[in-house]
Each structure stands twice: as structure tokens, then as C-alpha cells.
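Working notes, beginning with the structure itself.
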Amino acid sequence: MVDTKKLAVVLVVDDEPAVLETFESILEGKFTVLTARGGVEALERVTKESINLVFLDITMPDMDGIRVLRKIKEYDENLAVIMATATDSARKAVEAMQLGACNYITKPFDAREVLAAAEKALAQEKLRKEVIYLRSQKEEIKFDNIIGKSKKIREIYKIIEKVAENDATVLISGESGTGKELIARAIHFNSTRREKPFIPINCASIPENLLESELFGHEKGAFTDAINQKLGMFELADEGTLFLDEISGLRFDVQSNLLRALEEKEVRRLGGTKLIKVDVRILSATNVDLKQAVQEGKFRQDLYYRLNVVPIYLAPLRERKEDIPVLVDHFLKRYNQVFRKKIEGLTQEALECLMSYEWPGNIRELKNVIERLAALKDDGIITHKDLPFDIFVNSSLAKNFKAEGGLKEAGKDFEKKYIEAVLERVGGNKTKAAKILGIHRNALFNKMKSWA
Ligand SMILES: Nc1ncnc2c1ncn2[C@@H]1O[C@H](COP(=O)(O)OP(=O)(O)OP(=O)(O)O)[C@@H](O)[C@H]1O
Ligand SMILES: [Mg+2]
């Protein structure tokens, strides 16, 4: 199979041309090899080019290898450096390791040893990136099943299958809670990048002045608070997927930088000079109409086209009501497990209430409702009386509701639900609730006593 992935870039630093040649012949084909004839040239390359690993000779006439190492680490503490030493300079090798070199090899060089050291160092570099990435994840990576059987969701399954196979840029739009992030995760975890990071970044919730350094990273001293060098999300997501959530929240100038990064497949850390190659798949999401934002001049048109190569639109739940029963089943199963309950299901009436409700918060709201029902009930069947007041009164059932005991009972039932809803809203404070209800506190107490 032809490996089309880009090769890692290895810089070999030695004052002897013959040594450089030996390294080149060993590393060629597996890595992109750059060379430097001394410390000064090495530092110049490190600061200008995107390098993954350095083989550094310890004894060089123009600048001692240890000094070069210090400078490299000052510039980029994450860059992997392997020292190349003569057998008699073991003491220096130890010093180098303490300064942050990741390994050392001794002359004369054995091809197998050189390759193994390079591969190990690069694997460690990757691992380190992954650790940084995992720490940055608030939530563990998960792949929730996407539930639904409506025509609309079945069409989405098809698109996911298709785009998971390639690297197409996808823009997912839909109201809040419709499952945009779930879809983005599904695309990533079904793609060839699944073993690599999936990094979500919420463009609307990160303070504007920080967003750029979150995305692209920064060098030490790039601005007042930049005490250390920081890798950006693009670098951390290398070979994986970057999920740009609420993309409309991007400031205009950051939009330009993002477009450049997408087109050139390169990023520059803030305050940095060199361009760093990145191989990142971009998925983005929006709950506002991005096209309209373009028309209003709030979003760059060129960036919009770049992101919207494959559009996925998630319809609100109220437009795919056939999904409600399967979603309810799914969430009920899950929360029965979570809370160790044995709830069997919902009555037909209760389900009708859920089906006729408008679900402004979409699937997230439905999920929360089921979670709450499961938390409150132990077993048996959920009836319409168990449902939150808002859902009950907004449903068609309430409009056609016929209480068993006639109007009087219905009135009582309604009153109870209403009072409960008010109480909930004021956190159980009866004085406040009574005020809102327009009755005396004692009257509220009496009513509550009558339910017991
Ligand atoms: N089809 C589905 N099947 C199962 N669970 C779903 C489905 N769609 C959404 N969910 C669940 O609903 C919740 C909300 O989904 P998600 O966070 O993906 O929505 P979103 O569109 O990103 O919302 P927002 O715009 O508010 O960020 C999540 O817990 C998700 O797992
Ligand atoms: Mg989301």
C-alpha cells in the first residue's frame, strides 16, 4: 500500500560531512532528512522550519552540542532531540539527558540503532501530544449511538457513512440539542482517523482574545501572559479531527487566519515565525444560519464555502416525531441502568404527550426529561401525570383532556401540577410560591396537606 501520509522531518546536526551522509542514507525514505553543519545553522533551521526530531552531535567546533541543546529547548521544549556522542563522552550524554534530550546514540553508528532511536523518539512525541490532548478534554471521548428511524435521520446515516470514508470538510447545522456534536463524533470515530485525537473547540465560549492562541498556539513571550510555549489545537489534532463548534462565534480576523490555515495546511504559532505543517480534518457546527451571517457581513464568504463542502442539516425533533418513541426507549434503558430502576415504559397517553410537545431544546431536552422521570420513579409505568407540567399543558392531551372525576377532579389535578411547577421554579420556597400564586401562605400549606 502506498503511504500518502507526510513523513516526519528529522534534522541531523554534525560538523563532519561524512557523518551527515551516513545519517542521510540510513534515514532516507522513512523520514524527510534535513542537515546542518553546525550549531548556528541548526538553530536557524529549528526556528524557521517545522521539525519533528533532531540528531545532535555533542562536539562541534562552532558551538558545543550542549549549548545548542539548551537553545533548542528554550525555543521549543517539546522538540525531541537525540544526542550523538563519541564513546568517551558519556558524562556529557548524561548532562544532555538532564537538559531534556530524549536519548543518545554512540559512534560508530549502527543503522538499526539509529532507526530504532528515531522511531521511539517520534512515538514519544506523539504520545506526549496525545497526553496533552487528553488532559485538555473535559469529557472522556465517547461514541454514543445515534438513535432514530425517521427518513430524515436515515438520510443522515447515509451521509455519515460516505463522509467518514474521506476527509471532506463537513458543516453540521441545526438547532441546539439536535445532536450536532454526536454526529461530528460519529464521523470521526468511523473514519480512518479514529485512533487519533478528536478535538472539539467551542468558538463561542472561549474568550475572544484567547481563541486564536487556543487554535494556533503561541510561543513563549508572544504576549504578556504567554509564560510558556503552548501548542495550539491544530497541532494537537494532527492526523485527527478538529471540531469547530459554534463557528459563527469566530471573530473576523480569526476567520481569516483560520481560512489560511485550512488552505495552506500550515499554522504559525502566535509570536512565532515558522510554519508548522498540520494534517487535520475539519468538522464544524453552527446553530445559527451561517449563510445569513454571510449576507449580513458577519461571516467571511470564502471561509463559509471552505467549511461547507458537505452540509449536514439536523432537523429539529418536532419535525421528526417518529424518532421520539425510539429515543424514549433508548434513554429509558440507559437511565434504568444508571439509577438501577425497573421502569417498564410509558402509557400510551404519556407517549402522546411527548409526541405532541414541541421540544424547543430538542433531543437534549428529551433526554433530560427521561433522566428526571427515571430518577423520580422506581418501577412500573410512567403516566402522563408523571410528566413535567410544561410538557403536559403544552400537549394535545391536555387540550382534549377528560378527567376521570369530571371537571372538579381535573381542576384539582391541574391545580396540583401548577403549584408543583411554581414551587419547583422558586426552589421550593413556599413564601415566594404563594406570592406568585396570589394566595396566602397558609392556603398553600392547606392545599399541599390535602394532597398527602
Ligand atoms: N439521534 C440521537 N440519538 C441519541 N442521542 C442523541 C441523538 N441526538 C442527540 N442526542 C443526545 O442529545 C444530547 C445533545 O446532543 P449534542 O450535544 O450533539 O447536540 P448539539 O446539536 O451539539 O447541541 P448544541 O447546539 O446545544 O451544542 C447529547 O447528549 C446527545 O448524546
Ligand atoms: Mg454542541
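The values are calculated or read from the model by the stated rules, or taken from the named source; none is laboratory data. On a predicted model such as this, the values are computed, not experimentally measured, just so you know. Cβ: placed from backbone, ideal geometry, glycine included. Neighbour counts: every protein chain shown.
Of everything in the stretch 404-452 that is over 47 Å from the mean Cα position of the chain (by Cα), of a type in the set (Lys, Arg) and within 21 Å of residue 385 (Cα to Cα), the residue that is modelled with the lowest pLDDT is 408. Selection of the stretch 270-286 for residues being surrounded by 19 or more Cβ atoms within 10 Å (Cβ to Cβ) and under 28 Å from residue 191 (Cα atoms) yields 276, 278, 280, 281, 282, 283, 284, 285, 286.
Regarding the stretch 205-223, can at least one residue be identified that is within 16 Å of ligand 1 (Cβ to nearest atom) and either assigned by TED's automatic domain parsing to the domain that holds residue 273 or buried (at least 21 other Cβ atoms within 10 Å of the Cβ) (or both)?
Yes, that holds for at least one residue.
When 304, 313 are checked against the criterion of being within 16 Å of ligand 2 (Cβ to nearest atom) and at pLDDT 95 or above, 313 stands alone in meeting it. Taking the stated definitions as given, is residue 314 out of contact with any Gly (no Cβ under 6 Å at 6 or more places or on another chain) and either among the aromatic types (Phe, Trp, Tyr) or on the phi < 0 side of the Ramachandran plot (or both)? When the stated conditions are applied, residue 314 does not pass them.
No other residue among 33, 46 is closer than 22 Å to residue 99 by Cβ, touching a residue at least 12 places away in the same chain (Cβ under 8 Å) and buried (at least 19 other Cβ atoms within 10 Å of the Cβ) apart from 46. Checking the stated criteria, residue 282 turns out to be outside any helix (DSSP H, G or I), in contact with a strand residue (DSSP E or B) (Cβ under 6 Å, 6 or more places away or on another chain) and among the β-branched types (Val, Ile, Thr). Against the conditions (1) at pLDDT 95 or above; (2) among the small types (Gly, Ala, Ser); (3) touching a Cys at 6+ places or on another chain (Cβ under 6 Å), residue 285 satisfies every one except (3). Within the stretch 52-65, how many residues turn out to be within 30 Å of residue 6 (Cα to Cα) and either assigned to a loop (DSSP other than H, G, I, E, B) or not charged (D, E, K, R) (or both)? Counting residues in the stretch 52-65 that are within 30 Å of residue 6 (Cα to Cα) and either assigned to a loop (DSSP other than H, G, I, E, B) or not charged (D, E, K, R) (or both) gives 7. From the list 189, 243, 216, 198, the lone residue that is farther than 17 Å from residue 286 by Cα and within 14 Å of ligand 2 (Cβ to nearest atom) is 198.
Yes or no, residue by residue, for (1) closer than 26 Å to residue 127 by Cβ; (2) over 16 Å from the mean Cα position of the chain (by Cα):
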| residue | (1), (2) |
| --- | --- |
| 175 | no, yes |
| 191 | yes, no |
| 194 | yes, no |
| 201 | yes, no |
| 209 | no, yes |
| 220 | yes, yes |
| 226 | yes, yes |
| 231 | yes, no |
| 238 | yes, no |
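When 61, 108 are screened for being surrounded by fewer than 16 Cβ atoms within 10 Å (Cβ to Cβ), under 18 Å from residue 21 (Cβ atoms) and without any contact (Cβ under 8 Å) to a residue 60 or more places away in the chain, only 108 passes. Restricting 215, 258 to those that are more than 25 Å from residue 159 (Cβ to Cβ), part of a helix (DSSP H, G or I) and of a type in the set (A, V, I, L, M) reduces the list to 215.
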